[in-house]
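The values are calculated or read from the model by the stated rules, or taken from the named source; none is laboratory data. Please read these numbers as outputs of a predicted model, since none were measured by experiment. We place every Cβ from the backbone using ideal geometry, glycine too, and count neighbours over all the protein chains shown. Surface accessibility is based on the protein's heavy atoms, side chains included, excluding ligands, DNA and RNA. Shrake-Rupley method; radii C 1.70, N 1.55, O 1.52, S 1.80 Å.
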Amino acid sequence: MQHPIAILDSGVGGLTVAKEVMRQLPRERIIYFGDTLRTPYGPRPYEEVLRFTREIVDYLVQFGPKMIVIACNTATAVALEDIRTRVNIPVVGVIHPGSRAAIGRTKSGLIGVIGTEGTIRSKAYEHALKQLSPNIEVLSKACPRFVPLVEQGNFYSSETHEAVSESLEGLKESRMDTLILGCTHYPFLAETIQAVMGPEVSLISSAEETAREISTILHEKGKLSQGDVIPVHQFCCSGDPRLFKMIAQDWLDEQIELTPVVWQVPKIG
Ligand code: DGL
């Protein structure tokens with residue numbers, strides 16, 4: 001049996017990474033977990049995000065994954081190092097790959113970062129960007145209205161347009177040429193974000209670069225899947241399965257199988 005790549009997020013956001021993994025690594029099987037019952041993670045205390053991430057990893061480990069992808073910026077900022085010490089398989093986050101892609105794109109040297117309150121408060125992107133390129137300037141802003149809209153599948157309404165437009169105030173006026181979508185939910189709103197920021201600003205979603213990193217690590221470890229068997233992916237969510245399935249099938253443009261979650265997640269504290 002082929003060992004899967006485990007991908008986790010607070011909800012549907014990690015599907016942006018899953019989709020890119022499916023595109024770049026079509027032989028790989030994915031086991032995905034979206035914690036839709038307890039989303040959003042952004043406003044939660046770090047200890048809670050850490051506990052939730054550990055619980056999901058413990059759940060996913062039962063499927064025998066060869067790698068864990070924390071496809072959530074908030075959980076990456078808080079829990080990446082901790083999870084690396086708890087499992088003996090590679091653990092990949094989304095902040096370093098997204099930062100690398102942005103450095104490769106910017107010409108003005110001013111990079112914008114939008115994300116959840118937790119991610120922005122952690123300054124994880126500032127650290128990652130400045131580690132790669134010390135002279136880079138970073139302008140960050142939390143956009144707490146975006147994740148609930150995405151989790152409702154509300155991508156194109158006037159309410160969403162208004163939320164995006166108001167949230168990006170102050171960024172539009174700067175001389176940034178590159179904007180990191182520092183939350184895996186945000187690519188669902190990319191069209192609206194691009195329309196508000198204007199065509200001269202490049203949007204960076206960490207999905208593509210993260211999939212590339214996954215590919216590199218699996219190649220180096222000799223763990224890339226071989227053969228012509230079309231993988232059957234598994235998707236799990238802790239909340240409303242119908243809404244998750246609808247958003248997932250629409251985004252991935254294919255039918256998905258939802259695995260009932262045997263593990264009962266504790267109610268929101
Ligand atoms: N998609 C996640 C992230 O990238 C979490 C969003 C949330 O639950 O607040 O940060």
**Item:** Candidates 31, 83 - the one that is assigned to a strand (DSSP E or B), more than 10 Å from the ligand (Cβ to nearest atom) and either open to solvent by less than 10 Å² (accessible area, probe 1.4 Å) or small (Gly, Ala, Ser) (or both)
**Value:** 31
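Here's the yes/no breakdown for (1) within 14 Å of the ligand (Cβ to nearest atom); (2) surrounded by 15 or more Cβ atoms within 10 Å (Cβ to Cβ):
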| site | (1), (2) |
| --- | --- |
| 91 | no, yes |
| 108 | no, no |
| 111 | no, yes |
| 114 | yes, yes |
| 137 | no, yes |
| 149 | yes, yes |
**Prompt:** Does at least one position in region 117-127 carry a residue that is more than 16 Å from the ligand (Cβ to nearest atom) and touching a residue at least 24 places away in the same chain (Cβ under 8 Å)?
**Reply:** no
**Item:** Residues that are open to solvent by less than 30 Å² (accessible area, probe 1.4 Å) and farther than 14 Å from residue 14 by Cβ, drawn from region 96-106
**Value:** 99, 101, 102, 106
**Request:** Kindly indicate whether residue 179 is of a type outside the set (Ser, Thr, Tyr), within 16 Å of the ligand (Cβ to nearest atom) and under 19 Å from residue 40 (Cβ atoms).
**Result:** no
**Message:** Could you check region 64-80 and list, in sequence order, the residues that are farther than 14 Å from residue 208 by Cα, buried (at least 24 other Cβ atoms within 10 Å of the Cβ) and of a type in the set (Gly, Ala, Ser)?
**Reply:** 75, 77, 79
**Complete:** Filtering region 34-61 down to residues that are closer than 15 Å to residue 12 by Cα and in a loop (DSSP other than H, G, I, E, B) yields 35, 36, 37, 38, 39, 40, 41, 42
**Item:** Filter result (touching an Asp or Glu at 6+ places or on another chain (Cβ under 7 Å) and surrounded by fewer than 24 Cβ atoms within 10 Å (Cβ to Cβ)) within region 34-51
**Value:** 36, 43, 50
**Request:** From 171, 203, 179, 189, grab the single residue that is open to solvent by less than 40 Å² (accessible area, probe 1.4 Å) and modelled with pLDDT under 95.
**Result:** 171
